[in-house]
């Protein structure tokens, strides 16, 4: 932000100097220079969010539209009544065709690159599913390997070198817990490279002016048009503000948990005592906590329970149940009444 402000001031100062030399109103030229600087900074910020592929396609479409517009407008110079208005008509035609060419090229980026690859004989770098940047959390988590093996992940997985360096740093940590997590992350990277289902690339592109790894990841996503794969909820919130698409594996896991309705039956193994008297605690295969009313005396046993309610929390779901026999007794008692 500071660099952009200095750039705007510099443009305004240059315009001020020019106005002094040629002897015109300095303040007007300084204001014009400031406006030009602001416009240039705005364009730069907008273009920084566009992927390189989109920029190339947009440039090709823009150039193609201008060429076609000029070819179609050239006969106007040969028509005597239109010669006086020809420059204005030419400007309008160029503007319209340039806009059409730019729009079509941006919407048909993949087809455009496929066409080039057909004529050049080289494989197109545009792949179905696009590019997905892996952050440190999703690498250490490890579930990305299983996702790749299921075939649900499309495109190319990209591991930036600065993310790999952070995993390496965690693996070299003096803390035994962090060291174990880092080594697990390096093992996951090795498994991803060897799974042979989803292509994996390690890229060296870095942003030296950015210190935080998450911010580097966001800048890389904006410059390439890639999506970020993460487990970090805060990173997703920041990415949403900056208009970067994020895929959160934790949210995917939560959405895939089975939907249980009151009255359904479960067979579970009660593992420990609950917070309230006579409660037992069990867990489903996906880690969802099940609270069993009256289940304390069945700790260590497999029992049949009936779902009474489901509570959605910020960390996941909690399922409240009671013993199946107790539920049936209540139902019979209710019918008698």
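Throughout, read-outs are computed from the coordinates displayed, never taken from laboratory work. Quick caveat: nothing in here was measured; it's all calculated off a predicted structure. Heads up, the Cβs are rebuilt from the backbone with ideal geometry, glycines too, and the neighbour counts pull from every protein chain shown.
Values as computed for the structure displayed
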{"read-out": "Simple spin-label estimate for residue 302 and residue 261 in nanometres, 7 Å along Cα-Cβ", "value": "2.7"}
{"read-out": "Overall dimensions of the stretch 192-302 as given by Cα atoms, namely Rg and Dmax in Å", "value": "21.6, 61"}
{"read-out": "Inter-label distance for residue 96 and residue 42, nm, one decimal - labels placed 7 Å from Cα along Cα-to-Cβ", "value": "2.7"}
{"read-out": "log10 of Debye I(q)/I(0), alpha-carbon scatterers only, for the stretch 159-198 at 0.14, 0.28, 0.31 Å⁻¹", "value": "-0.31, -0.88, -0.97"}
{"read-out": "Stretchable slack from residue 85 to residue 312, in nm (0.36 nm times residue separation minus alpha-carbon distance)", "value": "74.9 nm"}
{"read-out": "Footprinting exposure proxy for 297, 181 (fewest neighbouring C-beta atoms within 10 Å first)", "value": "297, 181"}
{"read-out": "Translational D in µm²/s for the stretch 131-254 (Stokes-Einstein at 10 °C, 1.306 mPa s, Kirkwood Rh from C-alpha pairs)", "value": "109"}
